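Okay, so here's the structure we're looking at.
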Amino acid sequence: MNFKPLGERVLVKRTEVENKTASGIYIPDNAKEKPQTAQVVAIGNKVEDVKVGDTIVFEQYRGTEFKLDGQEYLILNLENVIGVM
């Protein structure tokens, strides 16, 4: 991958969500909410509190989704990151 976010942005890949409930019921993809956790893949040059490989929690419905090399990624402004796990 050859992508570097600019400024205070981070490139993340959402973590996978379990598609089965504890009682064994399968949840279809269109009924699942997108996860609010992701793994950091790349960071901009002004990002200090987050590093590549961190798992972050971010505000729901934020960021810009796009595909790169067949993978889905999300670009977030650092202000939309709630915390690091």
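Figures for the structure shown
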| quantity | calculated |
| --- | --- |
| Search result, residues across the stretch 1-42 that are modelled with pLDDT of 75 or more, touching a Lys or Arg at 6+ places or on another chain (Cβ under 7 Å) and either more than 20 Å from LYS67 (Cα to Cα) or open to solvent by 40 Å² or more (accessible area, probe 1.4 Å) (or both) | GLY7, GLU8, ARG14, GLN39, VAL41 |
| Within the stretch 45-85, strands (runs of 3 or more DSSP E) holding 1 or more residues that are buried (at least 16 other Cβ atoms within 10 Å of the Cβ) | 55-58, 71-77, 81-84 |
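The values are calculated or read from the model by the stated rules, or taken from the named source; none is laboratory data. Treat the numbers as computed from the prediction; the structure is a model and nothing was measured. We place every Cβ from the backbone using ideal geometry, glycine too, and count neighbours over all the protein chains shown. SASA here: full protein model, heavy atoms, side chains in, ligands and nucleic acids out. Shrake-Rupley method; radii C 1.70, N 1.55, O 1.52, S 1.80 Å.
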